[in-house]
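The values are calculated or read from the model by the stated rules, or taken from the named source; none is laboratory data. Since the structure is predicted, the reported quantities are computational estimates derived from the model, not experimental observations. In this analysis, Cβ positions are derived from the backbone assuming ideal geometry, glycine residues included, and neighbour counts consider all displayed protein chains.
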């Protein structure tokens, strides 16, 4: 997927942007996982609604453990030793629904997914629409880094889920403080407002 493709401009002059689906993986979906996200299913429903709007302009990300943690990550994985598994371990897989839809995907060993690969997909001065889990960790880390890079960031509140309701709400409030660099919206707004992607051709 080229930068030109991602930043294709619709007939009304508004760039559709790139929809990033953050870490919709088994480790966050399965109820018995130490990292289970309680409202994972609700976030998935919001993402389902948005996928047709963005067509091929979607990237799915995965959080994976490093082969050998360094620095403060060593203490992190001492706290969560179950997660020190290779990238092809089942816990890191996207859930079946999203694995079947992930035509474009990328992995990162960091909470934030604003890597050179994602930056190339978005393009200079582009728009990044964020969904996924968890709002208070990987979504938040991605949003702040992308905003610092000069990218317009849209966070779709009801297509994200946090470690718990309070953490989700707090993270949304923090991100919304960054307006106009970051805007927190609903999936209904994305689907109905032309300035947020409605009507984007597939």
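Condition first: free of Cβ contacts under 8 Å to residues at least 12 places away in the same chain, out of contact with any strand residue (DSSP E or B) (no Cβ under 6 Å at 6 or more places or on another chain) and over 28 Å from residue 77 (Cβ atoms). Can you find one or more residues in region 97-108 that meet it?
Within region 97-108 (the criterion being free of Cβ contacts under 8 Å to residues at least 12 places away in the same chain, out of contact with any strand residue (DSSP E or B) (no Cβ under 6 Å at 6 or more places or on another chain) and over 28 Å from residue 77 (Cβ atoms)), the answer is yes, since at least one residue qualifies.
Find the residue count for region 143-156, including only residues that are closer than 20 Å to residue 169 by Cβ and in contact with a strand residue (DSSP E or B) (Cβ under 6 Å, 6 or more places away or on another chain).
Summing the residues that are closer than 20 Å to residue 169 by Cβ and in contact with a strand residue (DSSP E or B) (Cβ under 6 Å, 6 or more places away or on another chain) in region 143-156 gives 6.
If you go through region 123-149, how many residues are modelled with pLDDT of 95 or more and over 21 Å from residue 39 (Cα atoms)?
8
Taking helices (runs of 4 or more DSSP H) that do not extend beyond region 1-78, which have at least 1 residues that are modelled with pLDDT of 95 or more and either more than 15 Å from residue 139 (Cα to Cα) or out of contact with any strand residue (DSSP E or B) (no Cβ under 7 Å at 6 or more places or on another chain) (or both)?
Answer list for region 1-78: 26-29, 40-54.
Quick one: in region 99-127, which of the residues that are within 28 Å of residue 148 (Cβ to Cβ) and part of a helix (DSSP H, G or I) is nearest to the chain's Cα centre (by Cα)?
Out of the qualifying residues, it is 118.
Yes or no: residue 195 out of contact with any helix residue (DSSP H, G or I) (no Cβ under 7 Å at 6 or more places or on another chain) and either modelled with pLDDT of 95 or more or part of a helix (DSSP H, G or I) (or both)?
yes
Looking at 125, 55, 41, 71 in this structure, which one is loosely packed, with under 14 Cβ neighbours inside 10 Å and farther than 28 Å from residue 192 by Cα?
Numbers: 125 fails: farther than 28 Å from residue 192 by Cα; 55 fails: farther than 28 Å from residue 192 by Cα; 41 fails: farther than 28 Å from residue 192 by Cα.
From the options 125, 55, 41, 71, the qualifying one is 71.
Just to be sure before I move on: is residue 171 at pLDDT 95 or above and farther than 18 Å from residue 47 by Cβ in the structure I sent?
no
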